[in-house]
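Asks: Please read through the structure below; I'll follow up with questions.
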Amino acid sequence: MELNKLDINRTKTLIDAAKTISIVTHFNPDADGVGSSVALYHFLKRQNKDVQVVMPNPFPSFIDSFVKDVDMIYASKETKKARVRLMESDIIFGIDFNMVHRVGNHIKDALAESCAAKIYIDHHQEPDLACETMFSFPDACSASEVLAHLLIAISPDAIDKTIADAIYIGLCTDTGSFSYNCNNAETYSLVAYLVSKGVCVDEVHQEIYSTFSENRLRLLGYAISEKLKVFPQYGAAYICLSKEELRQYDFQPGDTEGLVNYCLNLKDINFGCLVTEREKIVRLSFRSKKNTIDTNKFARTYWNGGGHIMASGGTFQGKLQPVINNLEAQIKHLKDFSQQSE
Ligand SMILES: [Mn+2]
């Protein structure tokens, strides 16, 4: 990963001159967004900056133990405070998103309107952001990976155990425990470096993956045994969970994390989708096997979304049934999104 030297120097100069710095990641934050925010927070805090993480809304609880001693506000709870903070910042770091609206309705206008110098660190396709500086690497496995290279470039001794742990959870979760999007030897050199800084891989994995509630594990079993629908002729499968079903299993944010990947465990199934009905919105997650379907294009075309080629998402305002009808119709045209057809 070749970070632009001018961009690194500009970032360094901006940090040196700044007093008030905010860090923001996308709505429904994942471990990559939270981990990289936490890592950057500690890095800046050690330079005695006034730093705050403005989290759009709460993140899954399995991340909690990696978020210690971080000054954080939730825009979904303290909207006004979050907006004022963004408006009054000298720098805003935006991490793990490629479009302003991805930070959610509470703060997207404040982010767009703030006069702060904006520095973006991301790995999504086709970024569309007005900013001072952007470190956009769609080939990177995670935003955390990009951030790690930036921090080391700014200060070779930047990474201590706290920062290393936070970066590692981003690397590990965005690659499905190093099973996709990580064919770059450089990623493993970084992992080796993080381990040398004190990351205990066993402990982190237990913390992240072995913290299911009983309800979450039973929801997983129910989803696979009762709700998996397979379309062998189109190489597709999906799981759909209604509001009511989620309620039965006392759904908590993060409980369906990783569920969509089970569709791809099937032989000859290249495209998987998870549909979950939330309060006023239906959320869709798409996954594909390597060199098969471009889910980013699929999500952009049909579901007002996007993301990466092998992992993306979208949303629909409205009821569940039309979503299912449309999805099943779209599955019949999946070959239009196959990567070989280009
Ligand atoms: Mn990410």
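Asks: Give region 91-100 a look and list any residue that's more than 24 Å from residue 17 (Cβ to Cβ) and within 13 Å of the ligand (Cβ to nearest atom), or say none.
Replies: 96, 97, 98
Asks: Please go through region 291-308 and pick out each residue that is buried (at least 23 other Cβ atoms within 10 Å of the Cβ) and either among the polar types (S, T, N, Q) or outside the structural domain of residue 322 (by TED's automatic domain parsing) (or both).
Replies: Passing the criteria: 295, 296.
Asks: What tally of residues in region 109-126 results from selecting those that are closer than 23 Å to residue 170 by Cβ and surrounded by 16 or more Cβ atoms within 10 Å (Cβ to Cβ)? Show your work before the answer.
Replies: We begin by selecting, within region 109-126, every residue closer than 23 Å to residue 170 by Cβ; these are 111, 118-126.
Checking which are surrounded by 16 or more Cβ atoms within 10 Å (Cβ to Cβ) leaves us with 111, 118-125.
The total comes to 9.
Asks: Residues being in a helix (DSSP H, G or I) and either away from the ligand (no atom under 16 Å from the Cβ) or modelled with pLDDT under 95 (or both): count how many of those fall in region 1-48. Give the derivation first.
Replies: Taking region 1-48 as the starting set, the residues that turn out to be in a helix (DSSP H, G or I) are 5-17, 31-45.
Imposing the further condition that a residue be either away from the ligand (no atom under 16 Å from the Cβ) or modelled with pLDDT under 95 (or both) reduces the set to 5-17, 41-45.
Residues meeting the conditions: 18.
Asks: Oh, and also: When you go through (1) over 15 Å from residue 25 (Cα atoms); (2) surrounded by fewer than 19 Cβ atoms within 10 Å (Cβ to Cβ); (3) of a type in the set (Asp, Glu) one by one for residue 165, which number turns out not to apply?
Replies: Failing condition for residue 165: (2).
Asks: Restricting to region 101-138, and then to whatever is acidic (Asp, Glu) and free of Cβ contacts under 8 Å to residues at least 60 places away in the same chain, can you tell me which residue is farthest from the ligand (Cβ to nearest atom)?
Replies: The first filter runs over region 101-138 and keeps only residues acidic (Asp, Glu), leaving 109, 113, 122, 126, 128, 132.
In the following step, the residues that additionally are free of Cβ contacts under 8 Å to residues at least 60 places away in the same chain were identified as 109, 113, 122, 128.
Values: 109: 24, 113: 25, 122: 8, 128: 17 Å.
Across region 101-138, the extreme among qualifying residues is 113.
Asks: Still on this model: Could you grab me the full set of residues in region 211-221 that are touching a residue at least 12 places away in the same chain (Cβ under 8 Å), in a helix (DSSP H, G or I) and not aliphatic (A, V, I, L, M)?
Replies: Passing the criteria: 215, 216, 218.
Asks: Residue 286 fails exactly one of the following numbered conditions: (1) in contact (Cβ under 8 Å) with a residue 40 or more places away in the chain; (2) in contact with a helix residue (DSSP H, G or I) (Cβ under 6 Å, 6 or more places away or on another chain); (3) of a type outside the set (Ser, Thr, Tyr). What is the number of that condition?
Replies: All conditions pass for residue 286, except number (1).
Asks: Could you tell me which residue of region 316-330 is nearest to the chain's Cα centre (by Cα), considering only residues that are surrounded by 13 or more Cβ atoms within 10 Å (Cβ to Cβ) and under 15 Å from residue 243 (Cα atoms)?
Replies: Step one: filter region 316-330 for residues surrounded by 13 or more Cβ atoms within 10 Å (Cβ to Cβ), giving 316, 320, 323-324, 326-328, 330.
Now narrow it down to the ones that are under 15 Å from residue 243 (Cα atoms): 316, 320, 323-324.
Details: 316: 19, 320: 24, 323: 23, 324: 25 Å.
Once the filter is applied, the top-ranked residue is 316.
Asks: Please work out which residue is nearest to residue 90 (Cα to Cα), limiting yourself to region 139-159 and to residues that are within 11 Å of the ligand (Cβ to nearest atom) and part of a loop (DSSP other than H, G, I, E, B).
Replies: My answer is 142.
The values are calculated or read from the model by the stated rules, or taken from the named source; none is laboratory data. Computed from a predicted model, the values in this text were never measured in an experiment. Cβ sites come from the backbone with ideal geometry, for glycine too, and all protein chains shown count toward neighbours.
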